[in-house]
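**Student:** Here it is: the structure, laid out below.
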Protein chains: 4
Amino acid sequence: MPEEKKIRAAVMGATGYAGAELVRILCGHPGVELALLTSRQHAGAPFSRVYPAFAGICDMVCEAVDPEKAAAAADVVFTALPHKLPMEVVPALLEAGAKVVDLSADFRFQSAGAYESAYQPHSAKHLLSRAVYGLPELFGDKIAAADLVGNPGCYPTSVILPLAPFLARDLLGLDSVIIDSKSGVSGAGRGLSLGTLFCEVSDAFRAYKPASHRHQPEMEEVLSTVAKKPVSITFVPHLAPMNRGMLSTIYAKMQKPLADEEARQILADFYQDKPYVRVLPKGFLPRTSDVRNSNFCDISLAVDKPAGRLILFSAIDNLVKGAAGQAVQNMNLMSGLPETQGLTMLPGGV
Amino acid sequence: MPEEKKIRAAVMGATGYAGAELVRILCGHPGVELALLTSRQHAGAPFSRVYPAFAGICDMVCEAVDPEKAAAAADVVFTALPHKLPMEVVPALLEAGAKVVDLSADFRFQSAGAYESAYQPHSAKHLLSRAVYGLPELFGDKIAAADLVGNPGCYPTSVILPLAPFLARDLLGLDSVIIDSKSGVSGAGRGLSLGTLFCEVSDAFRAYKPASHRHQPEMEEVLSTVAKKPVSITFVPHLAPMNRGMLSTIYAKMQKPLADEEARQILADFYQDKPYVRVLPKGFLPRTSDVRNSNFCDISLAVDKPAGRLILFSAIDNLVKGAAGQAVQNMNLMSGLPETQGLTMLPGGV
Amino acid sequence: MPEEKKIRAAVMGATGYAGAELVRILCGHPGVELALLTSRQHAGAPFSRVYPAFAGICDMVCEAVDPEKAAAAADVVFTALPHKLPMEVVPALLEAGAKVVDLSADFRFQSAGAYESAYQPHSAKHLLSRAVYGLPELFGDKIAAADLVGNPGCYPTSVILPLAPFLARDLLGLDSVIIDSKSGVSGAGRGLSLGTLFCEVSDAFRAYKPASHRHQPEMEEVLSTVAKKPVSITFVPHLAPMNRGMLSTIYAKMQKPLADEEARQILADFYQDKPYVRVLPKGFLPRTSDVRNSNFCDISLAVDKPAGRLILFSAIDNLVKGAAGQAVQNMNLMSGLPETQGLTMLPGGV
Amino acid sequence: MPEEKKIRAAVMGATGYAGAELVRILCGHPGVELALLTSRQHAGAPFSRVYPAFAGICDMVCEAVDPEKAAAAADVVFTALPHKLPMEVVPALLEAGAKVVDLSADFRFQSAGAYESAYQPHSAKHLLSRAVYGLPELFGDKIAAADLVGNPGCYPTSVILPLAPFLARDLLGLDSVIIDSKSGVSGAGRGLSLGTLFCEVSDAFRAYKPASHRHQPEMEEVLSTVAKKPVSITFVPHLAPMNRGMLSTIYAKMQKPLADEEARQILADFYQDKPYVRVLPKGFLPRTSDVRNSNFCDISLAVDKPAGRLILFSAIDNLVKGAAGQAVQNMNLMSGLPETQGLTMLPGGV
């Protein structure tokens, strides 16, 4: 591919875990030229000094956050910044003609009220209707036409993908859905906090924010869109002693009994052309290690016949399909590149 | 305490993880003299050669399994053997006058049919009604009078303790209970299997045997006893990358709305005199590391008011309160010793 | 033991990892009454709110640091404070009649110059000759008579114990000693730092401060005392992805060839009456898990005959024999209690 | 690249950890067509059933071991079999015209005596002089001309790369070299053994086979070749609680004092054109996580001036640069492909 045709990409917030994963993926993307990195904390430092793994691979110097400069330098800007910062810079980025994939929650909601009740006042509400929810398996066409994508949270990605095929066909009790998710520690970010110290996590499995996590309203909004009826859920996230990976176990009442094969076929049909969803055969359950470092979402299920419940399982790498990989998948669609370009990292390995 | 008054204890199956934990606890028990260890795999070897941690602490030689010899040597025999072996040796042990705490499933069921549908034909059915289910917080009086105790499984312990106070008062929908449990790897035992190799567990969070684990009928039988009505559950166990610890997250419909404090008070009242159940204050959720190496079961909760659900959390050390510690607690009760004697190991530490 | 005879103990700096381990051990010590806890960061909070594992076990409220109050409340004060703070409070503690076990480096050196070149100016130099180095296996008699003990660093403990028997008999090349140590993460403390985040430690084995760690002059001073000649070493510490445990691998030229049994006998003779040093039989090498949670130091060796080198291995729990356990062992000696009282925690378990 | 030009590759022993890593790399190699997989244990099963991570990526069915068939199907055959099996199949593979990269020890030695004293009688000694030691940074030209390459062990790779530049220039004492290596658990393979169970490895740092590991004579032979004089070493491997990664810490006497920058320059000069050796700048030490999943070997150093010692540090991924990645690097050279083709996996990520 001739050099001049490459998409120029900028990553704002490159030195957090999601930002660094974006850099990792973009460095290996044949259709992209990495044009600019910003970091509030490490402005002035080469990226490879912050992440020595990148020595000789990405020695670009991180700059201070400057939306004008980013928009001038790049065709696509990834904003991997904490909630609230993106709504401050995204208007300027769009104004200057850049396409934006935002990895925060700021542009994931259609409803400003839902956002504001979970986060804070929104200063760029006028852009919410312009933003598209960046789950390519469900909203690929809209994403391809968008210039602003709100990249989904890791929990919502792991939850919406297994549930959507059943909710779209009205097969589940809309108030029966219970989600028990388990996340690796990188989801909590690179900021310093007692709760993510090695000694506080190792051997220390625990739940947090039960029925009160901010990803819950995001899930409910999107699941309701899919079901075309209001869906309300019970959601409890947990922290597991591992770096990467997210497993969601989802329980729901079936509206009518489904056999295992039937349910599996519904998933297979729904995702038949989708390169990053793998529906596992009967007898196999997803493991986080089987999707590690890849953009895959592995899904399987069990039918609890006596209880009339469907149990769904999904596994993703929270930093890839749950963040940076999905963001690049969105960029590909927005830029007319093949959906899988630069996203061929193979999963796993021990 | 004079030497001659000590309880003589034997551990059959001393070199598995639960057996070794029994040895560890009994070595520190001031009222017990360790009289005999057996091991099918390591007969003839000093215990401390199998577990070098015990060098100088327990150098006793492991013997072959011989119930007559065990009954002659010991007042109380712990059978920490795989399912099916205990039903073969326990009759002889009782016959010879020993008290027995069995850590397998063989004597946990009142109903032979329930046992046989989950395990195999039972060759000592006549003892099922004589056996008492060894959950001291619920059945302490019966245990004190028993000579045969079926020590509960680790999952049932972690599930029954938080649920019992609510089911006993008919506060939950009897077919609404969903249990999502996460266990450390030691629960799978010391046998060689691909699934418990370090490289297959690390980074590899996963569910197993969804809605089909053999602890489910055990839970249902005991929960129904507590509720005095049939309780049916959905149960999914998971394997977490850590040695010890079990966290259960339990979801149930409330028959009528309960406030957080109300629900917490119900737990506190129920367990007010129980030394090993700690009901956590509001704002605290159990962590497996906070009970590690101890006999505690930590319990907390959240009320999902919009959904009308109570969410219960419990943490135990699967080898202690989930196996060996509870077995010693039972032995104490059966032998007239203080319930907490020898079980003062403090939890946690980083 | 009658209540009034108990030693009253205070822990200053109770909420760091070493301080909390002290609390853990002292809570189970039959000859001690925990009289006072201080914490700069958590003054006013119950200890069990900082460490929920201690709910119902130690709910004492942490106080601000106040040496007068500590000395009034306690017979023995443990100062588990960062370097530099102890030299400010210890003079007042001694003045008021308390015995002191200091877990920092402030009172480990005989030579003020050695201390000052590794740390900072010393404001209580006059106490250095009064302080005794708190390695009971070597300096037990002096410790018993001391009112101020400088508790050894974790690395020095793991290094001096295996080397001392050979250096005391002039069997090793004095400039040939190379020490390669590996430590669990708790040794780095509970302070917030990027390097101890779970995601930065997991899978990330690494060395740090090669030939420049501050424990090196401490080791050289004590080893030289033992050898009665100057000993100089090369020391490289490493960080291993585990909470607790320290393994030191030590290489030295033998002055004359020693057979394996001979070398092992030298260790066995030297430590024959020492309850916390275990010399392993041939064929066994120490594992950190075999001493976890206990006060043991396990030692073994290999002879590299062609190279003329002795290779020594030692394992300790860095928070117990490497910090809090050893401090309590020192307190026992200083207070006339049996050396092992309250230190009967059994090691390991999986 | 036209399909017909691709190198056809076979992996014999595809379901062990090194074999599976070969499959992973070869699946992403643009110049290779995976032609055949063999597995003794899983013959008849799709590779993706043995490694579910590969579902949809490599569903090829594993076949029984058959050298004729392999040679017919493939231009290059990787033998990732246990020691002793390769010497039985490699003669037939070569006879049939295939090029061979053997990942066992069978063709790593020039001296049959050295091999036989460490392993077993060699049944294909006549091929030893034909075989080239597959360390491309040192023997690239010979590898390019070879049809049989003995792929180095993981420990030797991590040790020879940092030492070679200094030994080649006679800068180190030839009998002064001490190597303290730490390996992740995957190096022990996928076979079932007590020592690699999760519960036996976690928290259990330990040494094994001190001064008696079979990689020692391999290192000594190659280091002596490099130094053009006999080099004898002391080598102690350790097992660390992590899946992947190897860190070697190497101590040697300097023949004359070298400054840090001088020593670093020697490394930089030696490896200036080598794409997979990264010499770190002063102030940086290698971490296993910084090379994870990549073919890099990161090297750094410290000078212990008072002791006159050079301390070298190297980190590799034991399954990539220590096994499968290096094997593919060798294949590239042997097949006239660019050395880095298919080996562009980026390291690390948290």
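**Student:** Can you pull out the residues in segment B:210-224 that are within 9 Å of another protein chain (Cβ to nearest Cβ) and either closer than 23 Å to A:Gly187 by Cβ or in contact (Cβ under 8 Å) with a residue 24 or more places away in the chain (or both)?
**Tutor:** B:Pro210, B:Ala211
**Student:** Do we find that C:Lys228 is over 19 Å from D:Gly283 (Cβ atoms), surrounded by fewer than 19 Cβ atoms within 10 Å (Cβ to Cβ) and more than 8 Å from chain D (Cβ to nearest Cβ) in this structure?
**Tutor:** So C:Lys228 fits the description; yes.
**Student:** Are any residues in segment A:268-327 touching a Ser or Thr at 6+ places or on another chain (Cβ under 7 Å), within 9 Å of another protein chain (Cβ to nearest Cβ) and basic (Lys, Arg), and if so, which ones?
**Tutor:** Matches in segment A:268-327: A:Arg309 only.
**Student:** Right, another one. Checking the structure you have, find out if any residue of segment B:1-15 is of a type in the set (A, V, I, L, M, F, W, C) and over 23 Å from C:Gly349 (Cβ atoms).
**Tutor:** Yes - at least one qualifying residue is present in segment B:1-15.
**Student:** Looking for something in contact (Cβ under 8 Å) with a residue 40 or more places away in the chain, among the charged types (D, E, K, R) and open to solvent by less than 20 Å² (accessible area, probe 1.4 Å) - is there at least one such residue anywhere in segment A:8-26?
**Tutor:** Yes, segment A:8-26 has at least one match.
**Student:** Follow-up question, since we're still on this one. Scan segment A:133-165 for residues that are among the hydrophobic types (A, V, I, L, M, F, W, C) and in contact with a Gly (Cβ under 7 Å, 6 or more places away or on another chain) and jot them down.
**Tutor:** Correct list: A:Ile143, A:Val149, A:Cys154.
**Student:** Okay, moving on. Has segment A:28-35 got at least one residue that is surrounded by fewer than 19 Cβ atoms within 10 Å (Cβ to Cβ), within 24 Å of D:Leu285 (Cβ to Cβ) and in contact (Cβ under 8 Å) with a residue 24 or more places away in the chain?
**Tutor:** no
**Student:** Residues that are more than 21 Å from the chain's Cα centre (by Cα): list the strands (runs of 3 or more DSSP E) wholly contained in segment A:256-350 that include at least 2 such residues.
**Tutor:** Qualifying strands (runs of 3 or more DSSP E): A:297-304, A:309-316.
**Student:** Continuing with the same structure: Restricting attention to segment B:156-164, does a residue exist that is within 23 Å of B:Ala268 (Cα to Cα), open to solvent by 10 Å² or more (accessible area, probe 1.4 Å) and not aliphatic (A, V, I, L, M)?
**Tutor:** no
**Student:** Before we move on, is A:Asp260 more than 27 Å from A:Arg24 (Cα to Cα) and either small (Gly, Ala, Ser) or more than 9 Å from chain B (Cβ to nearest Cβ) (or both)?
**Tutor:** yes
**Student:** Where in segment C:130-202 are there helices (runs of 4 or more DSSP H), lying wholly inside it, with at least 2 residues that are out of contact with any Phe, Trp or Tyr (no Cβ under 9 Å at 6 or more places or on another chain) and away from every other protein chain (no Cβ under 14 Å)?
**Tutor:** Qualifying helices (runs of 4 or more DSSP H): C:136-145, C:154-167.
**Student:** Can you tell me which residues in segment B:244-255 are farther than 30 Å from B:Thr196 by Cα and either among the basic types (Lys, Arg) or part of a strand (DSSP E or B) (or both)?
**Tutor:** B:Ala252, B:Lys253, B:Met254
**Student:** Can you find, within segment A:245-257, the residue that is nearest to A:Ala168 (Cα to Cα) among those that are open to solvent by less than 20 Å² (accessible area, probe 1.4 Å) and more than 7 Å from chain B (Cβ to nearest Cβ)?
**Tutor:** Per the criteria, the residue is A:Ala252.
**Student:** Since C:Met345 meets every condition but one in (1) surrounded by fewer than 22 Cβ atoms within 10 Å (Cβ to Cβ); (2) farther than 30 Å from B:Tyr17 by Cα, which condition does it not meet?
**Tutor:** Of everything listed in (1) surrounded by fewer than 22 Cβ atoms within 10 Å (Cβ to Cβ); (2) farther than 30 Å from B:Tyr17 by Cα, C:Met345 misses just condition (2).
**Student:** Please state which of the following conditions D:Leu22 fails to meet, knowing it meets all the rest: (1) more than 20 Å from D:Leu103 (Cα to Cα); (2) in contact with a strand residue (DSSP E or B) (Cβ under 7 Å, 6 or more places away or on another chain).
**Tutor:** Condition not satisfied by D:Leu22: (1).
**Student:** On to the next question. At pLDDT 95 or above and not assigned by TED's automatic domain parsing to the domain that holds C:Pro241: does that describe C:Val291?
**Tutor:** Here the answer is no, as C:Val291 does not meet what is asked.
**Student:** Can you spot a residue in segment C:186-193 that is modelled with pLDDT of 95 or more and either open to solvent by less than 20 Å² (accessible area, probe 1.4 Å) or not assigned by TED's automatic domain parsing to the domain that holds C:Ile311 (or both)?
**Tutor:** Within segment C:186-193 (the criterion being modelled with pLDDT of 95 or more and either open to solvent by less than 20 Å² (accessible area, probe 1.4 Å) or not assigned by TED's automatic domain parsing to the domain that holds C:Ile311 (or both)), the answer is yes, since at least one residue qualifies.
**Student:** Right, another one. Can you pull out every residue in segment A:61-86 that is more than 23 Å from A:Gly134 (Cβ to Cβ) and either buried (at least 17 other Cβ atoms within 10 Å of the Cβ) or of a type in the set (Lys, Arg) (or both)?
**Tutor:** A:Cys62, A:Glu63, A:Lys69
The values are calculated or read from the model by the stated rules, or taken from the named source; none is laboratory data. Not measured: the values here are computed from a predicted model. Note that we place each Cβ from the backbone using ideal geometry, even for glycine, and neighbour counts take in every protein chain shown. Each accessible area value is taken on the protein alone, full model and side chains, heavy atoms only, with ligands, DNA and RNA left out. Shrake-Rupley method; radii C 1.70, N 1.55, O 1.52, S 1.80 Å.
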